[in-house]
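**Student:** I'd like to ask some things about the structure below.
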């Protein structure tokens, strides 16, 4: 009789345990469980992603929400969070790549009132020349680049002929089809005695010893307007000269 009661109690105890199911384990806030799927992490608990196997710095960074640096990751470096390039500051043009410049200060023949200078600068398609004069007689004056940088005898044309590296024999204005490389047209002097000529000489440069370089040549102003005809444009005698030197 006692054995029968004991058996019945054991059966009932097993049934109760089966109905109750597995017991739930309370999470410890100080030691949150590691969850493989970050999408099902408990609310309020930090998400932790398990990375299986060997990884590189970039793989860890990407897995943890970082980004891969453009040049890759070196051993021992971390790329988590914002990344910076180790290539140094942005490139800036060095002095060797800046435009070459030159200048020329005018001197005149005796008895002529005129003061001024020319500045030259290389641009994309040639050399830009800016000629400024003051205290000059009003009117138009022919301006040319001559082949030699010699202003020792302006009246005697120590600066030679018009600069023409292509051996062009016909003189002309810059707007005409045929003209010397050094034909710059005219500078207009106002009643104030001031005048300015801005012109670009296509194909010219400011290199040393180049056949199309303006360095070592002379800027020459003539007494009259250049009309684009004849060997010198009928501009008369030279009255001012300036040797072009590198700035």
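**Student:** Restricting attention to strands (runs of 3 or more DSSP E) lying wholly within region 100-165, give those where 3 or more residues are in contact (Cβ under 8 Å) with a residue 12 or more places away in the chain, within 30 Å of the chain's Cα centre (by Cα) and not assigned by TED's automatic domain parsing to the domain that holds residue 198. Walk me through it before giving the result.
**Tutor:** Values: elements: 101-105, 115-123, 126-134, 139-146.
Of the strands (runs of 3 or more DSSP E) lying wholly inside region 100-165, none has at least 3 residues that are in contact (Cβ under 8 Å) with a residue 12 or more places away in the chain, within 30 Å of the chain's Cα centre (by Cα) and not assigned by TED's automatic domain parsing to the domain that holds residue 198.
**Student:** Criterion first (without any contact (Cβ under 8 Å) to a residue 24 or more places away in the chain and part of a loop (DSSP other than H, G, I, E, B)) does residue 225 satisfy it?
**Tutor:** When the stated conditions are applied, residue 225 does not pass them.
**Student:** Would you mind telling me which numbered condition in (1) loosely packed, with under 14 Cβ neighbours inside 10 Å; (2) touching a strand residue (DSSP E or B) at 6+ places or on another chain (Cβ under 9 Å); (3) over 19 Å from residue 108 (Cβ atoms); (4) modelled with pLDDT of 95 or more residue 231 fails?
**Tutor:** Here residue 231 meets the rest and fails (4).
The values are calculated or read from the model by the stated rules, or taken from the named source; none is laboratory data. This one's a predicted model, so the numbers in the text were calculated from it and none came from an experiment. Cβ: placed from backbone, ideal geometry, glycine included. Neighbour counts: every protein chain shown.
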